[in-house]
Each structure stands twice: as C-alpha cells, then as structure tokens.
Amino acid sequence: MPRLLFRLLGKALWCLGLLKKRKKHRNGREKGEGKVESSFSICDLPDAILQLIISSLPTKEAIQTSILSKRWEHLWRDISNIELKEGKPEERQQFMQFVTGLLVACNCSILEKFSLSCKVDKDASRVNEWLCGFINPKIQELCLHLEEIEEPLVFPDQLFTCATLTKFTLDMQHVLKLPSSVHFRCLRTLTLSNIIFPDSSSAQQLFFGCPALEDLSLINCNLKNVRAVSIYSLLLRRIYIQEYLDNMLYDDDDVEIGFLSDTIRCKVLIVGPNLKSFTYHGDGMNDFFLYYSTVIDASIQVSYFWHGASGDFTFRFLNMIPNVEKLSISADSIEALSESMSFRLPLFCNLGELDLDLSKPVELFNLYEELLILLRNSPCLRVLRFQGEVSLAKEDANFIFDPLPVCFSTTLKTIEISGITGKEEELFAIEILLQAASVLDKLCIKCYWFSFDLNDKRIGLKRSEELYKRILKYPKSSKDCEIELEYRKALLSMVLEKKRKKQCKGRGKGEGNVESSFSICDLPDAILQLIISSLPTKEAIQTSILSKRWEHLWRDISNIELKEGKPEERQQFMHFVTRLLVACNCSSLVKFSLTCNVDKDASRVNEWLCGFINPRIQELCLCLYGIEEPLVFPDQLFTCATLTNFELDMQHVFNLPSSVHFRCLRILTLSNIIFPDSSSAQQLFSGCPALEDLYLINCNLKNVQAVCIYSPLLRQIHIREDKDGMMDEDHDEIGGCKVLIVGTNLKSFTYHGDCMNEYFLYCSTLVIDASIEVLPPEYYWVREVTWQISSGNFTFRLLKMLPNVEKLSMSETSIMTLSRTSLLGQLPLFGKLAELDFDSFSSIELSYKALLMLLRNSPCLQVLRFQGGVSQPKDDANCIFDPLPVCFSRTLKMIEIGGISEEEELFAIKILLQAASVLDKLRIQCYWHSFDRDDRRVGLKRSKEFCKQILKYPKSSMNCEIEFEYY
C-alpha cells in the first residue's frame, strides 16, 4: 500500500506539471508566496483530477485505491481507461468473474480507452456481454485480442458508427461480421490481425467507412473470400502488410504447386495520394496495386519459394514506387527478380538509402545480376547497407561491377556491413567494395565477439581487432574513406551509460540540486497566460487549482473554443458558458470559436455573443444551427479594426447594422447564410477593403437582385451553390441574383454549382487558375435540352471572362453543356493556357464541339489531360481536327489519358498520335478491371494487348515516348 500511495502522488505531480520540487522558502520573496507547495496535498485536488490520475494506473491498482479513504471509495468507478488481460489457465475462472463484476460496478459510459486480451473458448456469450457493456459511443481507443473462438462473436452496432474512435486494434482468428452501416468518422489507426473477411462487400464496406484513416496494418488477414477490394483515404500515410501462409488457415485445395490458387487470390487496390510509407512482408499470397503512390519509405520482403511468381510480385511493387527515398529489400526478393528480368525496373532517381536484409548468408555473386541492376538504376544512392553476412569468392570477381554503377563514382558516401565472421570470402567482398567506391566517406563494419569465439569474450575481441587491422591495409579508391568497427562504439556507449547512471545516483543523494531550483512558477504572468491560452478551454480553467498564484491566471486567456456535445449534456454546456462569460476577462480575447445548437435559447446566445466578442478580436468562428429566433450580433463586431479571419455558418437570415467596416479582414467564409436584401449584401462586401480570400458555400441569394464584390487585394474566390444543400421549400426561386466580381488582383476562381445565379468577372485578366464544374440535376430525366442550353450559356460566360487563364479544369458536364450553346463560336483566344484538365469519371468524346473549339483557341497549350479517358466513334472521325489546332503542331508536349477499355478509345488515341506532331510523351493508365472484373491476369493480358496495338500506331512526332501505367 505505501508503494501504491507513492505512485498516486507521483501521478498527481505529473498531471499538474510539478515534476521538480521547490525549496519551501526563498530569501527576498513576498510573505506567503514560498509556502504554496509545502501545504499541497493530493486530497486537495478535485474529483475530476483524481479520476484522471487513477485512470493512468493499471486497472487492478486503480480499484485498490478504494480502500484509501471514504472519499476514494467510489472514485475508481469513473475511470476512463480499463485494460484487462487473462493470465495463467488455472486463473481463468477468477479472471472471468472479475471482469463480469467490473462491468456491473464501473461507469462504462465514460470509458475512453478499453483493452481486452483473453481466450474465448466456449464463453462467447459472456464475452459478447462484455463487449456490449464496455464499448460505448464515446470510446476513443479500443484494443481486442481474442483467441480460440469457437462460437461467433457479436460486436455492438454502435461500435461501427462511433464518431470518437481514433484507434482500433482487433486480433481474432475468426470471421469478422459487419452490420449494414459502417462509418468510423475519426478513425486514424486501424490494426487487423488474423481476421477472416466473409466476402468482398464486407471488406469494401469496412475500408470505405474509414475516411480519416492515416495508419493501416493488416497482419495475416485471410482474404480468400474476397475477390477484390479498394483501400482509399486522402489522409492515408502508412501501410503495413504481413501475410505468411504458415500463420493462416487455408485448405489444402486452396494451395497449388508453387503458388496460391487464382480463385482465392485477392486484388487489393491502394489509392494513397499522401501515402509515405509502405511495408510488405509475406509470401505474395494476394495482388496489391498502388495508385497515385507518393511513397518515400518502403520495405519489401517476399519469400522466394514461389519462384517465378515471387519475382513478378516483387517487380510490381518496385515498379509502383519510383520516387522512393529509402528502400529495404530482402535477399529473397532480389533473388526472385531473376525470374522477372524480362521486365524493366524503373529509375529510382530519389533513392538515397538502400538496405539489403540478408537474413541468411548470401554470396554476392549469386545476387550479382539483380543487385547490379538495382544499383545502376539508383544514380543518387548515398547509403548502402548489408544487414547480414555477405561474401564473394575470388573466382567470381571478374564480373563484379562491370560496368560500374554511377552512384559508386558520384554519390555513394556510406557502406555499412553487419555480422561478419572473418571468413576469407567476406573479407574479399569488402576489398572489392573499397576498390569500387571512389567517393566513399565511411565504411562501417559491425563486429560481434561471439562470432569469433562463443566461449571467451577476450579471445573474440582480440580476433576482431586483428580483423580490423587487416581491413585497414586494403587499397581504397577513396582517399577520404574512414573505416570503423561498430563494436568499439558499443563498448564506449556502455562506459558512458555507466558514468551517467553514477551521476544520477549522485544527484539523488543531493549532489546535483542545480536543476531542481527551476520551476514554471518562476515565469512572469504574461508568459504563463500565453501557455494557458494554448490549452483547450476546460483544461485552461483547471490550472486554477495548481496554486494561489495560478488561481486567477486563466481568466486572462486569449483563446476560447466552445463546442456543444451530446444533447443530454446541453444544459450543462449552457450553464458552463454562462459562468465562463462572467468569470473570464473577455476584453483580452484574441480568438473565439462557438459551435452550438441555438434552439429556443436565442436570447442566451445573444448574451454570449455580446459578451465574448470585443473590439480586439482577431479570429472569430461561429457555427450556429437550429435557429428558431433571430440572433443579434453586437454592433462593435461589424466595425472591428483587428478582425482578420471571420467564419460564419448559420442557416438563417443575416441581419446587419447600419455601419459595416472590417478594416483588416483578410479571410471571409460564409456558409448557408440567407441575405435579407440586396442592400445588406452590398453593405457587407463593400465593408471589406482588405479582403483576400472569399468563400461562399450554399449561400441563399433569393432576396438579392444584384451585388458587387470588390476588393483591390482579392486573390481567391471559391463559390459553391447546390440546391440540395440548401433548406428551402421553393428550390426554383433560390437563384436569379446577378453577382459582379471586380478582381484587379484575382488569381484563382472556382465555381462548383447548379448555375443558380449569374456571375460576372470584371478586370479579371490576372486570373491564372480556374475550375468550372457544373453539377448535373439529381434525376436524369431533368437533363432536358433547355437545361443543357442554359448551363452551356452559363459556362460560356465564365470562360469568356477568363482569357488569360494558365491552368483550366472543367468537368464532363461543363463540356457537354457548352457544346449545346449557340455562342460557342464566340469563345475567346486563350493565349496563355498551358494546362487543360478534363476531370470526369467517364471518357469524353473527342468530337465534342466545345472540346475542339477549346483546343483550337489554345495555341500555347502544353499539357492535355483526360482524367476519365477519351473516346471517338469511327463513323464520326471525318471532321476531327479539321482544321488542326495550332498547339498540336507547335506546343503540345504531353497528353495524359486516365484509362482505356474499348475500341473507340483506341481510335481516339490513334487520332491524337497522328495529330500531335511535337508530342514528347503520351501517358496512358491501364486498369485491369476495365477489361475483366473477375480475373486480374486476363485483364492484364488484354490491357497489354491494347498497349501493343497502340505502340504500332503511326506517330507524327518521332520523339514521342508512350508510357503505360498498369493498375
């Protein structure tokens, strides 16, 4: 029990930031100021802090705190962290009873972290009860390790729609059954081990339900029931995949001689535009494809016993990571590449570190061809590591490094070799490396004494020193090369570690009290208030219990963020904000954010707005919903001279005072606002002379006839207007406003919407980046000719106002409707347009009138992209490129096509190749599932046949290179 009390006190001091003791009294201090900590007791802390401390203890020790005093008797019941792990088999019954009793006693509704590791056996019903009890809608981290499952487990449905879960670890060798709805809105880290997916739809449902996923680990997951699955997340940064056949449950019929049966091989498409790290360790059991890969750190370990198939598998991985900067690859993976040398490895221009994981002794000559090609394709390699035993026989030395890789004479600075044993073949390999690397700065050799003598350390060290002296005598191409033995550094670090421990012990005895005299309380109030302001509002208020000096510091914080939680906590939230308004010094606020449901408390919210918003506010963010009564903003807000960023989201009428002047406002974001009339809208935009960025998202302008937006500093405008996103009974009456945008310095213009209002750009000659996306109607039958013509006229007017655009992005709907307008012949000449992107999910016909007119009016076009593909029927080919656009014969250097699958697309490519006489590169992306959705091999075979056919097409440009990217 004394040990437990000591741990509790330590946790308390840690939570409060009082890690270093202060002297009780100091000379020169004011009376009473030096006695703050001397009177401190853990019992002085409020219950919330004590529960936080108890939650950081192991679960059993947290429960033991109930015997400390009457006050502590029930504190443990509200802990936020529970970790349960089954022990020895003879203690199983006791463990089961303990968990069941804990479920009844503790308050599971406030759990944030829960971990359970146990053997299920025949107690599935009992474990199901635990899962339904402990897992609540507020859980943030969940870790489940369940073994020997004989009966199906049932997870609570609320788990799969949990909005707070950020980390989920699941390890169970059983089928994972999912409910109809899966949406992990905030899940960042997902680890699945030994999971068996029931079918393709379940696997796809799980991965599509993780939009915020950053870190994904799949360890020995069984995908035999899954034909294909796509893993996509904009935030995905790391993927770790491990799949070894020995660790997974497969039937004998599933395994063919040398590889897995094609019927159970899963095709996994990984779309990671921000993916940085990729690791694969396994037997090559499934097919993985990286799309939009930006991987810079990769590790590949493929077992070689699949022979040729392992080589193809390894090659595909390497071909999908051309921009990798650090690569770790096993000897088996390199050796397997010998079966795939008919393919061509990419050039790894960014590769700086190459680690060869030689888990078994390997002769360098056996890896000669494959390793040499990898080194030749890495011209910027700086570090080369051999993580295992590497050797070379003298009779094989004639062919090594002939010709020499470029990196050995230009960039290779460090070579590291670990685990040498003193064999002649190892020493000869080191000698060859020293002669080949002419710019080498360091050769580091890890030498272990037990590799020379297992019984006597002194003899082992002596022999390793003799080996080191021998290596020092080898000739070196680089005069600056230093040779180091790692064991000497290790011994030195051990000596330094011992000295450090002695010094720490000396300090404990009173030798080193210099640092202990420093405390955060020595800082001035202004610095402390700055630190407190960086904390969340509730935590900033909790600092008042640290000492008498800290009691009122939080009242002058400069940043307050308030966000309403669950409906049942609404009353508590309302009381908290009201008390906060009275207690804090609102005149010192710089940043204020409020997100809440107004409902019938408009008067209360009006009181908050008038209190918190002061003339010194710089950043203001208001998200107000459920408004039933008008809100009244303080007049001082609209004449604030310091406000730089203003975000307002409320689906209600925005009433303005008689005077509006935001002198320093640079960023304005308005969402779902309803303007009462034209004068109010004009008053608002005219009162922002320093505006730089403007965002109008689903703003309702039905009461506004016309408005002018002008600011000499305006650089970016983003407009989105979607009828479905606006709550209005009369959708047809929402639009009709005429918006004049005067942007003398406008650089970027984006419009995504239903063409509800009319927009006019005046003095917009500086716009260089534009995006126009016309949203189609919700129902297909609405896409009548009248709608197409009106939308085409809308697109035409916008394009006519962007004559100097340099980069233009348009959707398929925009091009289709533009082709319908009779004004197409009046399109301006886009003399500076260099990049033209057609962003669509389906192929665009090359014969679209609007497309041809855009190309003819873009004489300086350099890059042309069809993100969804391009097609052309043969019977409509007579009028294509007649006359030929000027850019095709002068400036067009690159064409990118997002996919091919039909003869019409091949015909369009053929026409483009014949027309573009100065083309340098044609890049085509091929998706195997576009040719055969069931069999990847058939799909790849057909796609390659298409590619071979394209290579035979006549080209007007002799310098044109055709690249194919297979996915």
- Taking strands (runs of 3 or more DSSP E) that fall entirely within region 751-848, which contain at least 2 residues that are under 35 Å from the mean Cα position of the chain (by Cα) and polar (S, T, N, Q)? 807-811
- Task: For residues that are assigned to a helix (DSSP H, G or I) and either modelled with pLDDT of 80 or more or open to solvent by 30 Å² or more (accessible area, probe 1.4 Å) (or both), tally how many sit in region 914-935.
- Result: 4
- Item | Residue in region 598-609 that is nearest to E551 (Cα to Cα), counting only those that are in contact with a helix residue (DSSP H, G or I) (Cβ under 9 Å, 6 or more places away or on another chain) and surrounded by fewer than 17 Cβ atoms within 10 Å (Cβ to Cβ) | E607
- among the hydrophobic types (A, V, I, L, M, F, W, C), more than 37 Å from the chain's Cα centre (by Cα) and open to solvent by 20 Å² or more (accessible area, probe 1.4 Å), is that true of M894? no
- Note on the structure: All-but-one check, D920 against (1) over 28 Å from the mean Cα position of the chain (by Cα); (2) within 30 Å of A228 (Cα to Cα); (3) in contact (Cβ under 8 Å) with a residue 40 or more places away in the chain, failing number (2)
- Sort out for me the strands (runs of 3 or more DSSP E) sitting completely within region 597-675 that have 1 or more residues that are at positive phi. 619-627
- Task: State which residue is farthest from the chain's Cα centre (by Cα) when the search covers only region 79-133 and only residues that are under 24 Å from L187 (Cβ atoms) and of a type in the set (K, R).
- Result: K85
- Task: Report those strands (runs of 3 or more DSSP E) wholly inside region 679-725 carrying at least 3 residues which are surrounded by 18 or more Cβ atoms within 10 Å (Cβ to Cβ) and modelled with pLDDT under 90.
- Result: none
- Message: at pLDDT 70 or above and under 19 Å from V175 (Cα atoms): is that true of L218 in this structure?
- Response: yes
- Message: Can you pull out every residue in region 266-282 that is surrounded by fewer than 22 Cβ atoms within 10 Å (Cβ to Cβ) and outside any strand (DSSP E or B)?
- Response: P273, N274, K276
- Message: If I ask for residues that are more than 19 Å from I445 (Cβ to Cβ), at pLDDT 70 or above and open to solvent by less than 40 Å² (accessible area, probe 1.4 Å), which ones from region 394-408 would you list?
- Response: F401, P405, C407
- Restricting to region 407-436, what's the tally of residues that are farther than 19 Å from D357 by Cα and of a type in the set (D, E, K, R)? 4
- Query: All but one of (1) modelled with pLDDT of 90 or more; (2) in contact with a helix residue (DSSP H, G or I) (Cβ under 7 Å, 6 or more places away or on another chain) hold for D171; which doesn't?
  - Reply: (2)
- Task: Evaluate the following for E86: is it exposed (fewer than 11 other Cβ atoms within 10 Å of the Cβ), acidic (D, E) and at pLDDT 85 or above?
- Result: no
- Query: Can you name the number of the only condition in (1) in contact with a helix residue (DSSP H, G or I) (Cβ under 9 Å, 6 or more places away or on another chain); (2) at pLDDT below 85; (3) under 22 Å from P676 (Cβ atoms) that E778 fails?
  - Reply: (3)
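Residue-by-condition table, conditions (1) touching a Gly at 6+ places or on another chain (Cβ under 6 Å); (2) in contact (Cβ under 8 Å) with a residue 24 or more places away in the chain:
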| residue | (1), (2) |
| --- | --- |
| D882 | no, no |
| R890 | no, yes |
| E902 | no, yes |
| F931 | yes, yes |
| R937 | no, yes |
| M958 | no, no |
- Message: So I257 ticks every box in (1) surrounded by fewer than 21 Cβ atoms within 10 Å (Cβ to Cβ); (2) at pLDDT 90 or above; (3) hydrophobic (A, V, I, L, M, F, W, C) but one. Which box is left unticked?
- Response: (2)
- Got a number for residues in region 667-697 being in contact with an Asp or Glu (Cβ under 7 Å, 6 or more places away or on another chain) and either among the acidic types (D, E) or over 18 Å from F749 (Cβ atoms) (or both)? 2
- Mind checking whether some residue in region 738-749 is charged (D, E, K, R), assigned to a loop (DSSP other than H, G, I, E, B) and at pLDDT below 85? no
- Lone unmet requirement of (1) open to solvent by 30 Å² or more (accessible area, probe 1.4 Å); (2) under 21 Å from N222 (Cα atoms) for R185: (2)
- Query: Is there a residue being touching a Cys at 6+ places or on another chain (Cβ under 6 Å) and at pLDDT 85 or above anywhere in region 796-819?
  - Reply: no
- Which listed residue is open to solvent by 60 Å² or more (accessible area, probe 1.4 Å) and under 24 Å from C640 (Cα atoms), from V582, V590: V582
- Just to be sure, is I911 β-branched (V, I, T) and modelled with pLDDT under 85? no
- Task: Output the residue which, of all residues in region 551-571 that are closer than 29 Å to R616 by Cα and without any contact (Cβ under 8 Å) to a residue 24 or more places away in the chain, is least open to solvent (accessible area, probe 1.4 Å).
- Result: G565
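The values are calculated or read from the model by the stated rules, or taken from the named source; none is laboratory data. Keep in mind the model is a prediction, meaning the values are calculated, not measured. Note that each Cβ is placed from the backbone with ideal geometry, even for glycine, and that neighbours are counted across all protein chains shown. Surface accessibility is based on the protein's heavy atoms, side chains included, excluding ligands, DNA and RNA. Shrake-Rupley method; radii C 1.70, N 1.55, O 1.52, S 1.80 Å.
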